[in-house]
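All remarks here apply to the structure that follows.
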């Protein structure tokens with residue numbers, strides 16, 4: 001049965017805007033619920049997102065839920081902080097993360113977004129990634145999270161320096177959304 005409505009579980013209004021706008025074209029009505037669901041501790045955003053999706057459905061339980069988890073894996077740190085990026089930024093901030101990397105020559109990073117769609121029976125995962133570098137200092141005022149310190153490959157500006165429309169043509173969230181959109185359209 002095709003999904004025509006889903007609940008995006010997030011307290012982040014910017015993420016919701018990007019998700020809602022990305023799914024509008026496939027005719028799926030998306031509403032947002034700010035629900036505090038437990039988050040397991042893992043470097044892998046897919047594990048975290050799957051756990052959150054099941055917990056969100058258990059709490060809401062009437063229609064399909066969509067959750068997201070992001071990760072920022074620093075190559076020189078063998079993937080750390082990954083899905084723990086939220087906690088790292090909560091303690092040392094974007095500037096602190098940039099300073100921490102000053103000790104390494106390699107500033108490469110992999111940004112990941114995992115969207116998990118769960119209808120109470122099947123868990124479907126859609127992943128998008130972007131490669132780039134962590135800049136030497138925060139730049140830009142657009143976006144949220146670590147957008148001001150992630151400069152995608154092939155660009156001389158950070159996500160934080162890009163208007164939302166430009167970012168959503170190349171970001172890891174855009175790639176995960178494209179895979180989700182393809183799945184939802186195929187269900188019709």
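The values are calculated or read from the model by the stated rules, or taken from the named source; none is laboratory data. In this text, all values refer to a predicted model and were calculated from it rather than measured experimentally. Here Cβ is always computed from backbone atoms with ideal geometry, including for glycine, and neighbour counts include all displayed protein chains.
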| note | From the option list 173, 188, single residue qualifying as at pLDDT below 95 and assigned to a loop (DSSP other than H, G, I, E, B) is 188
| field | Members of region 97-129 that are farther than 19 Å from residue 47 by Cα and part of a strand (DSSP E or B) | value | 108, 109
| query | In the list 25, 11, which residue meets the criterion of being within 22 Å of residue 166 (Cβ to Cβ) and surrounded by fewer than 17 Cβ atoms within 10 Å (Cβ to Cβ)? | reply | 25
| said: Looking at region 93-110 only, could you name the residues that are under 20 Å from the mean Cα position of the chain (by Cα) and more than 17 Å from residue 132 (Cβ to Cβ)? | reply: 93
| query | crowded, with 18+ Cβ neighbours inside 10 Å, closer than 21 Å to residue 14 by Cα and at pLDDT 95 or above - does that describe any residue in region 91-101? | reply | yes
| request: Only residues that are modelled with pLDDT of 95 or more and assigned to a loop (DSSP other than H, G, I, E, B): list them for region 141-161, please. | output: 153, 154, 155, 156, 157, 158
| message | Taking the condition of being out of contact with any strand residue (DSSP E or B) (no Cβ under 9 Å at 6 or more places or on another chain) and either closer than 18 Å to residue 173 by Cβ or crowded, with 22+ Cβ neighbours inside 10 Å (or both), how many residues in region 40-82 meet it? | response | 0
| message | Tell me the residue from 143, 120 that is on the phi > 0 side of the Ramachandran plot, surrounded by 15 or more Cβ atoms within 10 Å (Cβ to Cβ) and out of contact with any strand residue (DSSP E or B) (no Cβ under 6 Å at 6 or more places or on another chain), please. | response | 143
| request: Mind telling me which of the residues 166, 130, 174, 178 ends up being surrounded by fewer than 16 Cβ atoms within 10 Å (Cβ to Cβ) and within 25 Å of residue 52 (Cβ to Cβ)? | output: 178
| So, in region 146-161, of the ones that are more than 17 Å from the chain's Cα centre (by Cα) and touching a residue at least 12 places away in the same chain (Cβ under 8 Å), which residue ends up surrounded by the fewest Cβ atoms within 10 Å (Cβ to Cβ)? | 153
| When the residues of region 30-39 are filtered to those that are surrounded by fewer than 16 Cβ atoms within 10 Å (Cβ to Cβ) and either within 23 Å of residue 17 (Cβ to Cβ) or in contact with a strand residue (DSSP E or B) (Cβ under 6 Å, 6 or more places away or on another chain) (or both), which remaining residue is modelled with the lowest pLDDT? | 36
| query | Quick one: is residue 67 at pLDDT 95 or above and under 20 Å from residue 13 (Cα atoms)? | reply | yes
